[in-house]
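A short worksheet on the structure shown next.
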Amino acid sequence: MCGIVGAIAERNVAPILIAGLQRLEYRGYDSAGLALLGSAGLVRLRREGKVAALEQALKQAGAQGGVGIAHTRWATHGVPSERNAHPHLSGDALAVVHNGIIENYQALRFELEAGGYAFASDTDSEVVVHLIHQQLQQGADLLAAVQHVVTRLEGAYALGVVSADEPQRFIAVRSGSPLVVGLGIGENYVASDQLALLPVTNRFVFLQEGDVAEVRRESVRLFAADGAEVQRPVHEFEGAHEDAEKGEYRHFMLKEIFEQPLALQRTLEGRLGGAEDLAQMFGERTAMLRDVQCVQIIACGTSYHAGAVARYWIEALAGVPCQVEVASEFRYRAHVVPEKTLFVTISQSGETADTLAALRAATHAHYLAHLAVCNVPSSSLVRESELALLTRAGPEIGVASTKAFTTQLAALRLLVLALAHARGLGEAALSQHLEELRQLPNLVEKALQMDAAIQTLAEDFVEKQHTLFLGRGTQYPVAMEGALKLKEISYIHAEAYPAGELKHGPLALVDKDMPVVAVAPRDDLLEKLKSNLQEVRARGGELYVFADQQAELQDEAGMRVLAMPTVPESLIPIVYSVPLQLLSYHVAVLRGTDVDQPRNLAKSVTVE
């Protein structure tokens, strides 16, 4: 949510700022702006809408500068508009960009207004720039002013600050909202995501909670929340620059759907050698798995659906009770921690605000250990957890998660096998499960071959306003994920139910205008599911069934069947997710929506 880019160099940094914002567009935003320090002093440009509009305004203005900050805004306080876009100014020499939410902004605003400050926006962010200006007026330099002001802020935020009175540096702050420093040669940068800076550097320093960075052309100094100067490690980005490009694909989402076989290979690489590989999954701490008596999974959105699948696996294979809860609910209720509970968080970005808050609260409870399942090794979630299981999905740009979901499921399957083996799963059974996992990339490749048929099927959904998804067992969370994808990018209202719950309410909605999508693998619940499908047909519903080719289901009046490859039961949730991703994608394309940047949504939800 929102995006910050900052740069200081001997050259004009405006192109760096614009390119960085364009690479952050996946995060979701409603307006964009920048501030440049150059020979003309401080120049600010803002536009509602896309970065392209800001880029055009920059060309018309001809503004240049060797220092600058830029921002894409996702509205929280104040409607999307140019007046609410960042950067915000105080006077004509000081500018600030802000990600996050200042929770005590109202009290601060009253105080500032009483002191004579006039506000030009409806945002919470504007209090920050006026507070810094106030400190500068009292004699503080820019670094000291920012360090003082952040002690008064409550909430989550990342800041970028420039002053025309101190053009040799800019200041950046990270507290609850991600921020990374990029290191160049004779120039340095900051951004909300390292992807924004890949065209100019591959060396990064990840700011920790409370860090303040003083960024100059030739140096970067870091200060902890207590004001002490600190050193942070430098990381080199190992991915390819092309990972963040669409290439031959029309949308990032489609590219990422088709990247899943390769992404799953990366997830599984070096982890399928048998008990020895599993025993090394968490180094010396792997032995801890023998002591696990309960698992608590915390996640949001798509990651929650992955956790819901894992619950079935954990209880069936490892024989350990498991609870799965949405992070935003978990953190606000009292709960009992069973003895020797493993606390598992799941997040693609590792910066999801509610999941991070739940982890931080859990560090004060008596959990056996804290484990993060995550795609970003440098993320806050990984750094703040004792154990980490990386999904290795590579950059995911599309807001609607695809390869992150399937790689989370693959990683969770490995965790379940490690847990089950530690608790007595025999070598023969373990070898069979690992052999099934080796088939996974190839089976997903076969599912992707259904693309043309699904593209044709999608035409039936274009004019619909509602869709019901059905599944049983591990396929219920898959149905939930399918419904989420469809509503996210096509804006069709969709919801999922366990098929057995049809008679308890949803059946009242079924008619010829409401498509019903069902996932029907060949498992122990198939015959039960067939009965549920007949209930839909008897009410005149239109069924679209993704079924195992041996499920003895075929096209009939009111029912369209798409044949799935035969899949080992352990892999069904992963493989059956793929055609539902393709369905949502093709429906969205036909409806003309913004597939990669759906309205009102952001990729990384870094505010509560």
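Filtered by the rule that a residue be of a type in the set (S, T, N, Q) and surrounded by 15 or more Cβ atoms within 10 Å (Cβ to Cβ), the stretch 322-374 gives Gln323, Ser328, Thr341, Thr345, Ser347, Gln348, Ser349, Thr352, Thr355. Say whether the condition of being exposed (fewer than 13 other Cβ atoms within 10 Å of the Cβ) and either out of contact with any Lys or Arg (no Cβ under 6 Å at 6 or more places or on another chain) or assigned by TED's automatic domain parsing to the domain that holds Ala400 (or both) is met by at least one residue in the stretch 255-262. No, the stretch 255-262 contains no residue that is exposed (fewer than 13 other Cβ atoms within 10 Å of the Cβ) and either out of contact with any Lys or Arg (no Cβ under 6 Å at 6 or more places or on another chain) or assigned by TED's automatic domain parsing to the domain that holds Ala400 (or both). One residue stands out in the stretch 562-575 among those that are in contact with a Phe, Trp or Tyr (Cβ under 8 Å, 6 or more places away or on another chain) and under 17 Å from Val517 (Cα atoms): the one that is surrounded by the most Cβ atoms within 10 Å (Cβ to Cβ), namely Met564.
Among the residues of the stretch 2-22, which ones are buried (at least 24 other Cβ atoms within 10 Å of the Cβ) and not in a strand (DSSP E or B)? The answer is Cys2, Val13, Ala14, Ile16, Leu17, Gly20, Leu21. Note on the stretch 435-479: among residues that are buried (at least 16 other Cβ atoms within 10 Å of the Cβ) and touching a Lys or Arg at 6+ places or on another chain (Cβ under 8 Å), the one that is nearest to Gln408 (Cα to Cα) is Leu437. The helices (runs of 4 or more DSSP H) found entirely in the stretch 389-494 that carry 2 or more residues being in contact with a strand residue (DSSP E or B) (Cβ under 7 Å, 6 or more places away or on another chain) and under 18 Å from Val309 (Cα atoms) are 403-422, 475-490.
Note on the stretch 271-384: enclosed helices (runs of 4 or more DSSP H) holding 1 or more residues that are modelled with pLDDT under 95 and at positive phi are 301-313. Remark: Ala275 falls outside the filter, which requires a residue to be surrounded by 15 or more Cβ atoms within 10 Å (Cβ to Cβ) and within 24 Å of Thr406 (Cβ to Cβ). Taking the criterion of being closer than 30 Å to Ser401 by Cβ and buried (at least 23 other Cβ atoms within 10 Å of the Cβ), the residues of the stretch 29-44 that qualify are Tyr29, Ser31, Ala32, Gly33, Leu34.
The values are calculated or read from the model by the stated rules, or taken from the named source; none is laboratory data. This is a predicted model, so every value here is computed, not measured. All Cβ positions, even for glycine, are placed from backbone atoms using ideal geometry, and neighbour counts span all protein chains on display.
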